[in-house]
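Structure, as structure tokens:
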Amino acid sequence: MAEVTLEIEGMTCQHCVMRVKKAIDGIDGVVSSDVSTGSARVSYDDSRTDRDAIEKVIQDAGYKVRSKG
């Protein structure tokens, strides 16, 4: 089990939060996510997915990962 906290650029409202949460939660291996405006904390099974996959779905949703925590 692993956890990552990401800062996300471009999120300005609750719609953005829900869009990112839906994208992250759709990844096979994600156990839980806590998304708020500008950030996401994700717990995931690192044998099924990884940080790069999480960042990719955030970018595919139209946002930019600003920094990694």
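Remarks
- Matching residues, the range 14-33, being more than 15 Å from Lys64 (Cα to Cα) and hydrophobic (A, V, I, L, M, F, W, C): Met18, Ile27, Val30, Val31
- Total residues in the range 2-18, condition of a type in the set (D, E, K, R), under 22 Å from Val31 (Cα atoms) and in contact with a Gly (Cβ under 8 Å, 6 or more places away or on another chain): 1
- Selection within the range 53-69: residues that are modelled with pLDDT under 95 and of a type in the set (D, E, K, R). The member of this set that is nearest to Met1 (Cα to Cα) is Lys68.
- Search result, residues across the range 53-69 that are under 11 Å from the mean Cα position of the chain (by Cα) and part of a loop (DSSP other than H, G, I, E, B): Ala61, Tyr63
- Residues of the range 35-69 that turn out to be among the charged types (D, E, K, R) and within 16 Å of Glu9 (Cα to Cα), as a count: 7
For every residue, the table says whether it meets (1) in contact (Cβ under 8 Å) with a residue 60 or more places away in the chain; (2) of a type in the set (Ser, Thr, Tyr); (3) surrounded by 14 or more Cβ atoms within 10 Å (Cβ to Cβ).
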{"position": "Ala2", "(1), (2), (3)": "no, no, yes"}
{"position": "Thr5", "(1), (2), (3)": "yes, yes, no"}
{"position": "Ile8", "(1), (2), (3)": "no, no, yes"}
{"position": "Thr12", "(1), (2), (3)": "no, yes, no"}
{"position": "Val17", "(1), (2), (3)": "no, no, yes"}
{"position": "Lys22", "(1), (2), (3)": "no, no, no"}
{"position": "Gly26", "(1), (2), (3)": "no, no, no"}
{"position": "Asp34", "(1), (2), (3)": "no, no, no"}
{"position": "Ser39", "(1), (2), (3)": "no, yes, yes"}
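- Residues in the range 19-52 that are more than 9 Å from the chain's Cα centre (by Cα), among the aliphatic types (A, V, I, L, M) and either assigned to a helix (DSSP H, G or I) or closer than 15 Å to Thr5 by Cβ (or both): Val30, Val31.
The values are calculated or read from the model by the stated rules, or taken from the named source; none is laboratory data. The structure presented is a predicted model; accordingly, all values stated were derived computationally and were not measured. With ideal geometry, Cβ positions are generated from the backbone for all residues, glycine too; neighbour counts draw on all protein chains shown.
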